1. Quick check on my filter: what residues within the chain are open to solvent by 100 Å² or more (accessible area, probe 1.4 Å) and in a loop (DSSP other than H, G, I, E, B)?
2. Just the residues that are over 13 Å from ARG40 (Cβ atoms) and either of a type in the set (Lys, Arg) or touching a strand residue (DSSP E or B) at 6+ places or on another chain (Cβ under 9 Å) (or both), please, taken from the range 3-28.
3. Pairs under 9 Å by beta carbon, first residue without any contact (Cβ under 8 Å) to a residue 60 or more places away in the chain and under 13 Å from VAL17 (Cβ atoms) in the range 30-49, partner open to solvent by less than 50 Å² (accessible area, probe 1.4 Å) and acidic (Asp, Glu), six or more apart or different chains?
Amino acid sequence: MATPADLSNPTLVKEYVLGSTDEAIAAKYGLDADEVARRRHAIGLHKVSPQ
């Protein structure tokens, strides 16, 4: 089981490139979706609307 400490910035970027949502990442790493969103914004990674 992954822990919050396992969610490094490169891992967070990889999860988003693979299409994971904040909620999915939060469940995988034992965080809440707001914390995932905060970390994502802190590194300048923003959701892209599907086209």
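The values are calculated or read from the model by the stated rules, or taken from the named source; none is laboratory data. Note that the structure is a prediction, hence the values are computed from the model and not measured. All Cβ positions, glycine included, derive from the backbone under ideal geometry; neighbour counts span all protein chains shown. Side chains included, ligands, DNA and RNA excluded: accessible areas come from the protein's heavy atoms. Shrake-Rupley method; radii C 1.70, N 1.55, O 1.52, S 1.80 Å.
1. MET1, LEU18, HIS46, LYS47, VAL48, PRO50, GLN51 - these are the residues of the chain that are open to solvent by 100 Å² or more (accessible area, probe 1.4 Å) and in a loop (DSSP other than H, G, I, E, B).
2. LYS28
3. The qualifying pairs are ARG40/ASP22; LYS47/ASP22.
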